[in-house]
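The block underneath contains the structure these notes are about, expressed in structure tokens.
The values are calculated or read from the model by the stated rules, or taken from the named source; none is laboratory data. Source: prediction; values computed, not measured. Using ideal geometry, Cβ is built from the backbone for each residue, glycine included, and neighbour counts are taken over all protein chains shown. Protein only, heavy atoms only, side chains kept; ligands, DNA and RNA dropped before computing areas. Shrake-Rupley method; radii C 1.70, N 1.55, O 1.52, S 1.80 Å.
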Amino acid sequence: MNFIDTHTHLYAEEFDPDRDAVIQRAVDKGVDRLLLPAIDKSYYERMMSVAEFHKTVCFPMIGLHPTSVKANFREELNFIKETLEKSREKFHGIGEIGIDLYWDKTFVNEQALAFSDQLDLAIKFQLPIAIHTRNSFDIAIKLIRQKNNPELKGVFHCFSGSVEQAQQATSLGFMLGIGGIITYKNSGLQKVVEATSLDLIVLETDAPYLPPVPYRGQRNESAYIPLIAGRIAELKQIPLEEVAEITTQNAVTLFKLMLDAGS
Ligand code: NI
């Protein structure tokens, strides 16, 4: 049984002491492909060196995270654009991008501009997007709708919205990234998973954040993906194998992982 973690910040400092062991534990659990969403330029070298060193397991994205959108966001966006022009083939998506109105609203206009520009890059370079929304689903989906481009594909990472919002996202052809929150009691996400076809779901950890039960309060890691898949299997009353198979296929198709000769 194999799984794909479509969202882990494996290159973060939290994994410096034992990154190789973290990867090994994931692979041992069948979680043998990991997508690495970007944060900003300051993490770029770290992310790429992890991806380069673990080529058959790690697949990087490029993008500017909404909480990293500051006064210098134009410079950050230029870096992304230039990097894509030089080496588009290294990347499996644009992410994570989006709008975050939870932490800090100082740069909310810049966040919207940066998101919109990165949607254009995704269309231009034909890459799927990993979308971060926090208290901002309606704004994000409005910006996506404005592009009115059926080529735009991707995943609402760490989806935690309502059934109605899930339907808005999936009716535009987007997938839902389901993570550790599905194992929390009364998260509201159970209803969303029950109402959403498995064909529209990918698995993710968002490591080092949001660990599933029973690891709450600890560092999250990709080896916990089967716990998330297990909860989905329970809710949908289907075998774990089916969750593994279908979500893996969804991720392979969306992020074009088959094209990578190394894997
Ligand atoms: Ni993330």
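Among the residues here, LEU77 qualifies as away from the ligand (no atom under 16 Å from the Cβ), in contact (Cβ under 8 Å) with a residue 24 or more places away in the chain and at negative phi. Within the range 194-224, track down each residue that is within 15 Å of the ligand (Cβ to nearest atom), open to solvent by less than 10 Å² (accessible area, probe 1.4 Å) and among the aliphatic types (A, V, I, L, M). Once the filter is applied, which keeps residues that are within 15 Å of the ligand (Cβ to nearest atom), open to solvent by less than 10 Å² (accessible area, probe 1.4 Å) and among the aliphatic types (A, V, I, L, M), the range 194-224 yields VAL202, LEU203, ALA207.
Applying the condition of being among the polar types (S, T, N, Q) and surrounded by fewer than 16 Cβ atoms within 10 Å (Cβ to Cβ) to the range 125-152 and asking which residue is nearest to the ligand (Cβ to nearest atom) yields ASN135. Here is the figure for the range 160-187: residues that are closer than 25 Å to TYR215 by Cβ and either under 15 Å from the mean Cα position of the chain (by Cα) or crowded, with 18+ Cβ neighbours inside 10 Å (or both) total 11.
Filter the range 7-50 for residues that are closer than 13 Å to ILE62 by Cα, within 13 Å of the ligand (Cβ to nearest atom), open to solvent by 10 Å² or more (accessible area, probe 1.4 Å) and part of a helix (DSSP H, G or I) and give the result. Selection gives TYR43 alone.
If the condition is being in a helix (DSSP H, G or I) and polar (S, T, N, Q), then the range 162-204 contributes GLN165, GLN167, GLN168, THR170, SER171, THR183, GLN190. The C-beta contact set for the range 196-217 (first residue within 15 Å of ARG231 (Cα to Cα) and of a type in the set (Lys, Arg), second residue at pLDDT below 95 and open to solvent by less than 10 Å² (accessible area, probe 1.4 Å), distance under 9 angstrom, 6+ apart or interchain) is empty.
Of the residues making up the range 245-254, not a single one is within 16 Å of the ligand (Cβ to nearest atom), of a type in the set (S, T, N, Q) and closer than 29 Å to ASP18 by Cα.
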